[in-house]
Structure formats: C-alpha cells, structure tokens
Amino acid sequence: MPGGSPDPAGARVPGASPLPVAPRDPAGAPVPVAPPVPVDPPDPAELAAATALAVPGVTGLHPGPFGEIGTYLPGRRVAGVRVRTTPDGTSTEVHVVLRLGTDLRATAGAVHAAVRAAVGGDVHVVVDDLAP
C-alpha cells in the first residue's frame, strides 16, 4: 500500500463508533446491566389518533372549541379522541380536520375503517373543520 501500512485492527470507517463494550468496575470485573424496560403497547386513544392522522386528507385532530374532546392518560392527553368504555363495549370518537377539496364522505369513511381496524369497537368520526 503506497504511503503507509494497513491498520492491524482492520479497516476503520472514519466517524464510525466503536463496538459497544460491556461496562466493568475499576477492578476489571463485569458490572451487571439492568435488562431493557419492556415497552407497553400504545393506548387505544393514541393508536386511534395515529391511525386517523395517517389517512390521506386528514390534516389534524380537533379538540373541540373549548378543548373538551380528548382522552386523559397518565402524564399526557390525546386531544381530538374520546374513548369510552361502556357495558356494551368500547366507543371511540375521533374529531378530524380535513384538507379543503377532499371528498369529505370518502375521507371520513376511510378514517372510520382505519380506526375500526386498529382499535375495534364502535367508531364515530366527526369532521370538525377544513384546512387549506
């Protein structure tokens, strides 16, 4: 190789991080590492919100004129989605803002089908506003 010798540790990519090394205490003994914390599945309200926002033509969720439409979860709130559990089952209400010029019925139907497939139960879609 002109102008130098090969790296004894093998070829290295500039800017690449080295392989992870297990932590060790000052004496060189391995330090126990806590297992990763399991991630809980998303709440049905969060799942309904993400699903509705993924439908083409939906520009956002609407929390209502006074912010009264939402689901409270530990440490957070899902605005625009109201989930109710009744003796008959679960009811999910999704309030959407649609893009101006889209077919309102078709888009609302697509939101209904997508949210129902994601969370099940009764699903009600309300078109609250239009956005450019």
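For Pro44, the conditions (1) under 14 Å from Val94 (Cα atoms); (2) touching a Lys or Arg at 6+ places or on another chain (Cβ under 7 Å) are fulfilled apart from (2). The set of residues in segment 66-92 being more than 18 Å from the chain's Cα centre (by Cα) and either among the β-branched types (Val, Ile, Thr) or outside any loop (DSSP other than H, G, I, E, B) (or both) consists of Ile69, Arg84, Thr85, Thr86, Gly89, Thr90, Ser91.
Give the residue that is most open to solvent (accessible area, probe 1.4 Å), with candidates limited to residues of segment 51-64 that are touching a residue at least 60 places away in the same chain (Cβ under 8 Å) and out of contact with any Lys or Arg (no Cβ under 6 Å at 6 or more places or on another chain). Talk me through it step by step, then tell me what you get.
Of all residues in segment 51-64, those touching a residue at least 60 places away in the same chain (Cβ under 8 Å) come to 51-52, 54, 59-60, 62, 64.
Next cut, out of contact with any Lys or Arg (no Cβ under 6 Å at 6 or more places or on another chain) only: 51-52, 54, 60, 62, 64.
Numbers: Thr51: 29, Ala52: 0, Ala54: 78, Gly60: 14, His62: 41, Gly64: 10 Å².
This residue is Ala54.
Any residue that is open to solvent by 60 Å² or more (accessible area, probe 1.4 Å), under 26 Å from Ala108 (Cβ atoms) and of a type in the set (Ser, Thr, Tyr) - is there at least one of those in segment 67-76? Yes, segment 67-76 has at least one match. Figure legend. Inter-residue proximity from segment 82-110: first residues over 19 Å from Thr51 (Cβ atoms), second residues hydrophobic (A, V, I, L, M, F, W, C) and open to solvent by less than 40 Å² (accessible area, probe 1.4 Å), beta-carbon distance below 9 Å, spacing 6+ or different chains. Indicated pairs: Leu100/Ala131.
Whether any residue in segment 112-124 is surrounded by fewer than 18 Cβ atoms within 10 Å (Cβ to Cβ), part of a strand (DSSP E or B) and not β-branched (Val, Ile, Thr) is what I want to check. The answer is yes, given that some residue of segment 112-124 is surrounded by fewer than 18 Cβ atoms within 10 Å (Cβ to Cβ), part of a strand (DSSP E or B) and not β-branched (Val, Ile, Thr). Residues that are in contact with an Asp or Glu (Cβ under 9 Å, 6 or more places away or on another chain) and of a type in the set (A, V, I, L, M, F, W, C) were ranked within segment 77-106; the one that is surrounded by the fewest Cβ atoms within 10 Å (Cβ to Cβ) is Val97.
The values are calculated or read from the model by the stated rules, or taken from the named source; none is laboratory data. Please read these numbers as outputs of a predicted model, since none were measured by experiment. Because the Cβ atoms are built from the backbone with ideal geometry, glycine has one as well, and the counts that use them run over all protein chains shown. In case anyone asks, the SASA skips ligands and DNA or RNA and just uses the protein heavy atoms, side chains included. Shrake-Rupley method; radii C 1.70, N 1.55, O 1.52, S 1.80 Å.
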